[in-house]
Amino acid sequence: MSGAPRWTVASVHEALLAKKTSARELAQEFYAQIEQRNPELNAFLELCPDRAYAQADRVDAIVAQGKPLGRLAGVPVAIKDVISTEGVRTTCGSKILEDYTPPYDATAIERLERAGAVIMGKTNCDEFAMGSSNENSAYGPVRNPIALDRVPGGSSGGSAAAVAAGLSVVALGTDTGGSIRQPGAYCGVPAMMPTYGRVSRYGLIAFASSLDRIGPFATNITDAATVMSVIAGHDSNDSTSASLAVPEYAAEIEKPVAGLRIGMPEDYFGAGLDAEVKDKVQAGITLLESLGCKRVPLKMPHTDYAIATYYVIATAEASSNLARYDGVRYGLRVQGNTLMEMYRKTRERGFGPEVKRRIMLGTYALSSGYYDAYYLRAQKVRSLIARDFAEAFEKVDAIITPTAPTTAFKLGEKTADPLEMYLADIYTVTGSLAGVPGISVPCGKSAAGLPIGMQIFGSHFGEARILQLARAFEKAGGFSI
Amino acid sequence: MKISREDVLRVAQLAHLELAPEEVEAYRGQLDEILSYIGKLQELDVSNVEPMALMDPMADAPHQAPRRSAGLDGAIAAAPAEPELRDDVVAPCSVADAVLAEAPDAAKPFFRVPKVIER
């Protein structure tokens, strides 16, 4: 990595206003970096220079006219390849959508561009966002820029790697069970999952609709806060998006954190947690205490059931959502003599092993005779997990846990055992099921130099609070990428 | 509970997946392991627990009256405390050409598929 200071949203803004660079020059600079690094990292699947330069020129024209700039003017952004971009190929990391070009933009994309962001390209991910290592992409794994023999985490591995390697200033990912936060931890970048309903899912290609969320990876917490203010808010195209005012998060996060109560649930610090990760997260909590936060021990007794609950609900929803890939309306079609044969051959050829595994698991959980024992029961346990959070937030302002039980593992280390891979999400799926927001913030490195993430959960729509804690933590700890 | 070969084939049929013979055995073992793990959900007493069928964080969101939201068009509109219902009006949606352009086989205004009706 180069020794030059990293670009941030603020430094891009200042440089444009001071005419030290132009949006076009900046896009050129980032494309040059991508060209250099992407062959080894495989973080980008598709680049869209025509779109990027057209947007950059619009920004430069606004600068030339001396008009006010959008909050993300000229900022190079990478987009996970499950988010629809009009005219730019969107594959979901799957062969079944290898040649699919969406006819419209996701709402989050439209909002980013309206704020002046320059979309550089689409990032690699586990197929249909199903995975924790990015090894389930049909287009090859992403490598962790911090250690090339290690996974970047998943499923938004390409977005995390892009920001970590300085190939974009911010990136969008999606999080269903940990897919923003866990790669954020593995690659050492701030990574945020907003409250369910905070950011419109319109144009997000669905995996599990009661869990899916769009959120940012960023170079620092302030940038994450700025992106959140741009992409959040009600959207008439997503009936689950919330009609709540969107705060100016970047203004909220400089408030002092003294007096805030931070919960430390013992259930997240038990067996299976790597000792180095545990030490760094505990040191992180101590650092927050030194800033005046009050530590409150917590019990969240249903934590241990979260993975089982998640893998019933998420796969059940996936089996339904992915029924649409049948060779009729878009994507791959493999010819058959009958309609049914066409469906089967298309899905056999188009889906990878993990997607098929999850479709079968979900179909099984929903099938006659098993619905009550699996799906209905999982929905009830989901209520219990949500109740753990609701009760905790009567006592605390935020909950602090490790983001993942270990640091980034080696490529190929867990591919043979799907269940072991699922357990990489053990600390993140809880918040997914409860609908609360969570952020992973870098909190140091292991002796081997691998990044460690600390997770901060907030109550529903409590993004400002967790960003505020994350910002205070970043500033006091000197954690920056 | 043990997952059998027949279970895998039944589920694959329901999900419209065609599996190669070697895949059947691999999935059988993996699904068996995962479902055994999921079996831990049976440990909990959920007899008095309502299933969480909908994700609705607004239910316990801080209430503000009137709630305001920025619409996609950038306009700031007052939002009611109850879920908002839009007016039932017809809006133009002329995307048929763009949608059909992505279809593997289209004959406007239709998607073409293998024959499903015998005469």
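Nothing in this text is a laboratory measurement; each read-out follows from the coordinates by a stated rule. Remember, it's a predicted structure, so these values are computed and weren't measured experimentally. Positions of Cβ are backbone-derived with ideal geometry, glycine not excepted, and every protein chain shown enters the neighbour counts.
Average partner chain C-beta neighbours within 10 Å, per residue of A:335-346?
Per-residue shielding by partner chains comes out at 4.
Give me the three principal axis extents of the stretch A:177-261 from the C-alpha atoms, as integers in angstrom, largest value leading.
Over the stretch A:177-261, Cα extents along the principal axes are 38, 32, 24 Å.
Within the stretch B:92-112, what residues put their amide N at less than 20 Å from the label point 7 Å along the Cα-to-Cβ vector of residue A:349?
B:101-107, B:111-112
Could you work out the local net charge near residue A:60, counting Lys and Arg as +1, Asp and Glu as -1, over the other residues with Cβ closer than 11 Å to its Cβ?
+1
Nearest 0.05, what FRET efficiency do residue A:271 and residue B:44 give at R0 = 30 Å with Cβ-Cβ as r?
0.95
For the pair residue A:10/residue B:115, report the inter-label distance in nm, with labels modelled 7 Å from Cα in the Cβ direction.
Taking the two extended label points, one gets 7.0 nm.
Net charge near residue A:284, counting Lys/Arg +1 and Asp/Glu -1 over other residues with Cβ under 11 Å of its Cβ?
-1
Apply the Karplus parameterisation 6.51 cos²θ - 1.76 cosθ + 1.60, with θ equal to phi minus 60°, to every residue of the stretch A:392-403 and state each ³J(HN,Hα) to the nearest whole Hz, in sequence, with x for glycine and proline.
Those phi angles translate into 4, 6, 7, 9, 9, 8, 7, 10, 10, 9, x, 6 Hz.
With n ≥ 4 as the cut-off for DSSP H runs, can you work out [θ] at 222 nm for chain A, using -39500 (n - 2.57) per run divided by the number of residues, rounded to the nearest 500?
Computed mean residue ellipticity for chain A: -12000 deg cm²/dmol.
If you keep only loop residues by DSSP, which trypsin sites (Lys or Arg not before Pro) in the stretch A:1-61 have at most 13 other Cβ atoms within 10 Å of their Cβ?
Filter output for the stretch A:1-61: A:19, A:20.
Fully extended, how many nm does the chain gain between residue B:98 and residue B:10 (0.36 nm per residue separation, minus their Cα-Cα distance)?
Full-extension gain reported as 28.0 nm.
If I take all pairs of Cα atoms in the protein assembly as shown, what percentage of them are more than 32 Å from each other?
45 percent
How far apart, in nm, are two points set 7 Å out from the Cα along the Cα-to-Cβ line at residue A:448 and at residue A:299?
Between residue A:448 and residue A:299, the simple spin-label model gives 3.6 nm.
According to the square roots a ≥ b ≥ c of the eigenvalues of the Cα gyration tensor, what is the shape class of the stretch A:99-173, taking rounded for a/c under 1.5, prolate for a/b larger than b/c otherwise, and oblate for the remainder?
It is oblate, given that a/c is not under 1.5 and a/b is not larger than b/c.
Taking N as the number of residues in the stretch A:1-75, what is its alpha-carbon radius of gyration divided by 2.2 N^0.38 Å?
Dividing the Cα radius of gyration by 2.2 N^0.38 Å gives 1.16.
What does the net charge come to around residue A:329 if you take all other residues with beta carbon closer than 13 Å to its beta carbon, with K and R at +1 and D and E at -1?
Spelling it out: positives minus negatives among the neighbours equals 0.
Quantify how strongly other chains surround peptide B:28-38 by giving the mean number of their Cβ atoms within 10 Å of each of its Cβ atoms.
5
Taking the radius of gyration and the Kirkwood hydrodynamic radius from Cα positions alone, what is the Rg/Rh ratio for the stretch A:227-268, to two decimal places?
When Rh is taken as the Kirkwood radius, the ratio is 1.15.
Contour minus end-to-end for residue A:254 and residue A:35, with contour as 0.36 nm per residue of separation and end-to-end as the Cα-Cα distance?
Gain on extension, residue A:254 to residue A:35, equals 75.2 nm.
Report the label-to-label distance for residue A:416 and residue A:323 in nanometres (one decimal), using points 7 Å from each Cα along the Cα→Cβ vector.
Between residue A:416 and residue A:323, the label points sit 3.7 nm apart.
For the stretch A:358-481, what is the charge dipole size about the Cα centre, in debye to the nearest 20, if Lys and Arg each add +1 at the Cβ and Asp and Glu each add -1 at the Cβ?
Dipole about the Cα centre, nearest 20: 120 debye.
For residue A:338 and residue A:28 in the same chain, what is the full-extension length gain: residue separation times 0.36 nm, less their Cα-Cα distance, in nm?
Gain on extension, residue A:338 to residue A:28, equals 106.6 nm.
Mean projection of the alpha-carbon convex hull of the stretch A:217-323 over all orientations, in nm²?
The Cα convex hull of the stretch A:217-323, projected and averaged over all directions, gives 10.3 nm².
If we sort A:441-448, A:248-255, A:90-97, B:109-116 on the protection proxy, mean other Cβ atoms within 10 Å, highest first, what's the order?
A:90-97, A:441-448, A:248-255, B:109-116
What is the average number of partner chain Cβ atoms found within 10 Å of a Cβ in B:41-51?
5
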